[in-house]
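The structure appears right after this line, and notes come after that.
The values are calculated or read from the model by the stated rules, or taken from the named source; none is laboratory data. What you are looking at is a predicted structure, and each value in this text was computed from that prediction instead of being measured. Backbone-built Cβ (ideal geometry, glycine too); neighbour counts: all protein chains shown. Keep in mind that these areas ignore ligands, DNA and RNA; they rest on the heavy atoms of the full protein, side chains included. Shrake-Rupley method; radii C 1.70, N 1.55, O 1.52, S 1.80 Å.
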Amino acid sequence: MKNIIPSSEINGIISPDEVEYIHSVGLKILAKIGAKIEDPYVADLLCKNGCIQDGDRVKMPSAVIEDVMSQVPDSITLYNRNGLPAYCIDNHQTLVQPVGETPFIIDPRTNQKRLALKKDLQNIVRLIEKLDSISLVTLATVPSDIDKPISLLDSFAVMLSYSSKPVNTPGLNSSEEVQWLARLAEAASPSVDLKKKPSVVVSILPSSPLTFNRGTVQALCAATRIGLPIAIVPLPIMGISAPFDLAGGLAQQHAENLAAVVIAQKIKSGSPIIYHGRLSVGNMRSGNSLWGLFQVGLAGAAATALGRRCGMPTNVYGFSTSSHSSDIQSGLERAVNCMLPMLAGANILGGAGSLCNLMVVDPLQLIIDNEFVQLFKTLKKKADWKVDSKLLDEIQEVSGKEGGTFMLANHTLNTLRSEGQWIGTVSDRSDDGEKGQRMLTRAKEMLLQHLDSDGNGPLLPDASLQIMESILATAKLNFH
């Protein structure tokens with residue numbers, strides 16, 4: 001048993017006993033119901049290692065699961081494209097990544113929603129490179145003008161070309177996709193051994209409820225054999241692909257994560273895996289998912305606790321809203337859904353830049369979310385509640401003077417020199433409400449300046465870009 005977190009770390013949202021209970025329900029789901037594994041080789045491998053075939057399902061006894069959990073590393077170091085350490089995904093910080101695979105974008109110049117283009121993805125990845133608090137690159141939007149057979153590979157090449165930060169792949173559905181993406185990543189970092197210094201996390205998406213189709217399983221196995229970190233990303237929707245119940249939905253999501261852990265560890269022991277929480281609420285009128293409700297934040301905090309119970313790094317949403325614009329509703333919903341899992345100790349928060357239940361990416365919102373991260377991290381810092389005895393002397397000295405002020409007091413000056421005062425980049429802190437620039441205005445100016453600036457081309461050398469183009473051309477022939 002690893003990393004059971006005390007309830008004080010998550011402000012009473014879910015207690016260690018409740019975490020243990022949901023974990024036990026997840027184990028019962030896999031032991032009594034099992035998961036549908038649509039790859040005969042992997043199903044047979046699991047059954048040779050303690051699992052039980054029951055029709056088209058593989059049941060996984062608790063002893064097997066507890067054994068493989070002990071093999072999963074509790075931290076993962078990611079590297080930038082030059083092979084230098086970028087981030088350690090552990091319990092000491094919270095990283096942020098953008099939303100993934102939205103079809104629409106808010107046009108930065110017209111403010112209108114439209115289908116995204118390849119140029120939009122390039123601009124977003126370039127923007128992510130400049131935003132200090134956005135740590136990882138995702139396929140924030142799916143360009144509608146990229147040739148479909150290799151659209152995923154071409155989009156991945158854009159991500160590699162325009163940012164040096166670690167990359168999360170989109171959800172992969174075959175071993176071939178994993179192999180082609182690995183070749184592109186190697187071309188972007190020819191002098192770096194990606195197995196020893198990974199800059200890419202491979203995303204694997206099980207189908208809820210409890211189904212691993214053949215392509216998903218083969219992609220998982222391919223990434224595991226290569227040695228790249230794996231993001232297990234179940235996407236259960238309460239009332240549609242999961243029970244319309246927060247605890248039940250969490251238990252099913254937990255089981256889907258654990259089933260993937262069993263597969264990966266039986267392929268290669270010690271494979272690095274990131275536990276994901278993506279439970280959303282079904283809109284029972286339309287059949288779509290709602291990402292702005294407070295249950296998303298609660299589910300993210302609880303998933304964080306469950307992942308840490310298993311000793312695994314965690315990635316949850318996050319920056320999510322049902323609002324169609326960067327308005328008060330968006331600010332309120334994403335604040336609640338971010339703060340709960342962040343205070344719970346989530347390693348990665350996703351969804352930055354998203355609107356409209358993750359269907360739209362807004363570059364303007366991405367800039368605002370970058371500011372939110374700074375605010376949240378400042379809030380998360382543990383306050384020092386000790387009062388230095390010298391402060392009493394300063395209070396006595398200042399209060400004894402007519403018109404006394406602490407502005408020039410030694411403690412004030414020393415604190416500002418050592419810690420500074422967080423103001424923000426686009427937040428409005430002006431004293432004059434008439435003259436002050438509003439947050440959206442400041443963010444829009446920053447965005448347009450980014451779009452109009454020079455030197456925003458690819459970061460990779462021409463030789464690497466040419467190799468990647470050759471790989472894409474070959475892949476296109478193979479996919480046709």
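Tabulated values for the structure
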{"item": "Over segment 284-377, relative contact order from alpha-carbon pairs under 8 Å, at least 6 apart, %", "result": "30"}
{"item": "Cα gyration tensor, segment 95-159 - rounded (a/c under 1.5), prolate or oblate", "result": "oblate"}
{"item": "For the chain: relative contact order, % (alpha-carbon pairs under 8 angstrom, 6 or more apart)", "result": "18"}
{"item": "Gyration tensor verdict on segment 21-95 (Cα atoms; rounded if a/c is under 1.5, prolate if a/b is larger than b/c, oblate otherwise)", "result": "prolate"}
{"item": "Members of Lys113/Lys148; Lys119/Lys444; Lys196/Lys268; Lys381/Lys444 lying beyond 25 Å, as alpha-carbon distances in this model show", "result": "Lys381/Lys444"}
{"item": "Radius 11 Å from Cβ of Glu38, net charge of other residues (Lys, Arg +1; Asp, Glu -1)", "result": "+1"}
{"item": "Rg(Cα) / (2.2 N^0.38 Å) computed for the chain, rounded to two decimals", "result": "1.03"}
{"item": "Rounded D (µm²/s) - segment 38-140, Kirkwood Rh over Cα pairs, Stokes-Einstein at 4 °C, 1.567 mPa s", "result": "72"}
{"item": "Rounded to the nearest 10 Å², the accessible area of Glu394 at probe 1.4 Å", "result": "30"}
{"item": "Per-selection metrics, segment 226-273 (Cα): Rg and Dmax in Å", "result": "12.8, 38"}
{"item": "Loop-located trypsin sites (Lys or Arg not before Pro) in segment 272-313 whose Cβ has at most 11 other Cβ within 10 Å (DSSP)", "result": "Arg285"}
{"item": "Segment 332-375 - Rg over Rh from alpha carbon coordinates, Kirkwood radius", "result": "0.95"}
{"item": "Amide H within-cut-off set for Ser174, under 5 Å, with H built and near neighbours excluded", "result": "Ala219"}
{"item": "Surrounding net charge for Asn173, when Lys and Arg each add one and Asp and Glu each subtract one, Cβ distance under 15 Å", "result": "-3"}
{"item": "Interchain or long-range residues, amide H under 5 Å from Leu290's placed H", "result": "Val281, Gly282, Asn283"}
{"item": "Kirkwood hydrodynamic radius of segment 338-480, Cα pairs, Å", "result": "20.8"}
{"item": "Segment 277-383: C-alpha pair distances exceeding 16 Å, %", "result": "54"}
{"item": "Simple spin-label estimate for Glu445 and Asn414 in nanometres, 7 Å along Cα-Cβ", "result": "3.7"}
{"item": "Cα-based convex hull volume of segment 267-328 per residue, rounded to whole Å³", "result": "125"}
{"item": "Heavy atoms of Phe372: accessible area, 1.4 Å probe, square angstrom to 10", "result": "40"}
{"item": "Met439 - accessible surface, heavy atoms, 1.4 Å probe, Å² rounded to 10", "result": "50"}
{"item": "For the chain, size of Cβ-based charge dipole, Lys and Arg +1, Asp and Glu -1, in debye", "result": "840"}
{"item": "Surrounding net charge for Ser133, when Lys and Arg each add one and Asp and Glu each subtract one, Cβ distance under 13 Å", "result": "0"}
{"item": "Within the chain, helix-based [θ] at 222 nm, where runs of 4 or more DSSP H residues each add -39,500 (n - 2.57), nearest 500", "result": "-14000 deg cm²/dmol"}
{"item": "Accessible-area composition of segment 238-315, carbon plus sulfur, in percent [1.4 Å probe]", "result": "55"}
{"item": "Heavy-atom surface of segment 215-272, accessible at 1.4 Å and reported per residue (Å²)", "result": "23"}
{"item": "D (Stokes-Einstein, µm²/s), Kirkwood Cα radius, segment 293-336, 0.890 mPa s at 25 °C", "result": "219"}
{"item": "Kirkwood Rh and Cα Rg combined as Rg/Rh, segment 389-431", "result": "1.12"}
{"item": "Globularity ratio of segment 153-238, using Cα Rg and 2.2 N^0.38 Å", "result": "1.09"}
{"item": "Percent carbon-and-sulfur accessible area, segment 147-221, ignoring ligands, DNA and RNA, probe 1.4 Å", "result": "48"}
{"item": "Calculated diffusion of segment 405-479, Stokes-Einstein form, Kirkwood radius summed over Cα pairs, 4 °C and 1.567 mPa s, µm²/s", "result": "73"}
{"item": "Listed residue (Asn49, Ala302, Leu181) projecting farthest to the positive dipole end of the chain, Cβ model", "result": "Asn49"}
{"item": "Overall form of segment 109-211 per C-alpha gyration tensor (a/c, 1.5; a/b vs b/c)", "result": "oblate"}
{"item": "Segment 1-153, relative contact order in percent, only Cα pairs under 8 angstrom and at least six apart counted", "result": "15"}
{"item": "Fully extended contour minus Cα-Cα distance, from Arg214 to Trp385, at 0.36 nm per residue", "result": "56.0 nm"}
{"item": "Orientation-averaged projected area, Cα convex hull of segment 348-421 (nm²)", "result": "8.0"}
{"item": "Accessible-area composition of segment 322-480, carbon plus sulfur, in percent [1.4 Å probe]", "result": "56"}
{"item": "Mean Cβ neighbour count within 10 Å, used as a protection proxy, ranking 395-402, 85-92 highest first", "result": "85-92, 395-402"}
{"item": "Accessible area (Å², per residue) of segment 101-183, counting only protein heavy atoms and a probe of 1.4 Å", "result": "34"}
{"item": "Distant-in-sequence amide H partners of Ala231 (H built 1.01 Å from N, under 5 Å)", "result": "Val202, Ser203, Ile204, Ile274"}
